[in-house]
Amino acid sequence: MKNKTSKFLAVIIFSVLLLAGSAFSQDKQNSKNPEERANKLTEKLSKTVDLSSEQQTKIRQLYLDHFAKMQAIRESGKDKPELKQNFREQRTELRKGIKDILTKEQSDKLKQKMKNRKCRCGHNKRHH
């Protein structure tokens, strides 16, 4: 009987630790303000396609505008299907805005990077 209780207690403790860890992780991800997120994404894109300082400024502003629009959509109180559609439209608008700022070479490089990423993700999903 004591052994069963010990196992049960161990499972409970493990579950609590697991849930606490995932909650902390989500809080950490969501704690970044729009400015930090825009800076991080701009820096990441800059490393990928070698953005000029002018492009970095434009793209950073594009991300800030995007995050503001997404927040407004979240707070609009729309139903889930409509929210999804609005989010999809905003992501499409963001991608178009980024594409308009990039040169053809940068755009091609980004497309290739995205294609490689999709291949890796799809490859991993099939073999796990």
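Could you give the length gained on full extension between THR57 and LYS44, defined as 0.36 nm per residue of separation minus the Cα-Cα distance, in nm? Intermediate results must be reported in sequence, preceding the final value.
Values: separation 13, 0.36 × 13 = 4.68 nm, distance 1.35 nm.
Computed gain between THR57 and LYS44 is 3.3 nm.
Which links in LYS32/LYS58; LYS78/LYS115; LYS78/LYS99; LYS40/LYS96; LYS32/LYS109 stretch past 26 Å when you go from one Cα to the other?
LYS78/LYS115; LYS78/LYS99; LYS32/LYS109
Add +1 for every Lys or Arg and -1 for every Asp or Glu among the other residues with Cβ under 14 Å from the Cβ of GLU93, and state the total.
Overall, the nearby charge balance is +3.
In the neighborhood of SER46, defined by Cβ-to-Cβ distances under 14 Å, what is the net charge if each Lys or Arg adds +1 and each Asp or Glu adds -1?
Its environment carries a net charge of +4.
Taking the Cα centre of segment 47-104 as origin, sum charge times position over the Cβ atoms of Lys and Arg (+1) and Asp and Glu (-1), and report the length of that vector in debye to the nearest 20.
On the way: 14 positive and 9 negative charges, 44 e Å.
Once rounded to the nearest 20, the dipole reads 200 debye.
Within 10 Å of each candidate Cβ there may be at most 15 other Cβ atoms; applying that plus a DSSP loop requirement, which trypsin sites (Lys or Arg not before Pro) in segment 47-98 survive?
Numbers: sites: LYS47, LYS58, ARG60, LYS69, ARG74, LYS78, LYS84, ARG88, ARG91, ARG95, LYS96; in loops: LYS78.
Passing sites in segment 47-98 are LYS78.
Residue by residue through segment 58-70, which ³J(HN,Hα) values in whole Hz follow from phi under the Karplus form 6.51 cos²θ - 1.76 cosθ + 1.60 (θ = phi - 60°), with glycine and proline marked x?
After applying 6.51 cos²θ - 1.76 cosθ + 1.60, I find 5, 5, 4, 5, 4, 4, 4, 4, 4, 5, 5, 5, 5 Hz.
Only loop residues by DSSP count here, and only those with at most 12 other Cβ atoms within 10 Å; note down the chymotrypsin sites (Phe, Trp or Tyr not before Pro) in segment 46-126 that meet that.
none
Taken together, the values in this text are just the output of simple stated rules run on the coordinates, not laboratory data. Here the structure is a predicted model, which is why all the values come from computation and not from measurement. Glycine gets a Cβ as well: all are built from the backbone with ideal geometry, and neighbour counts include every protein chain shown.
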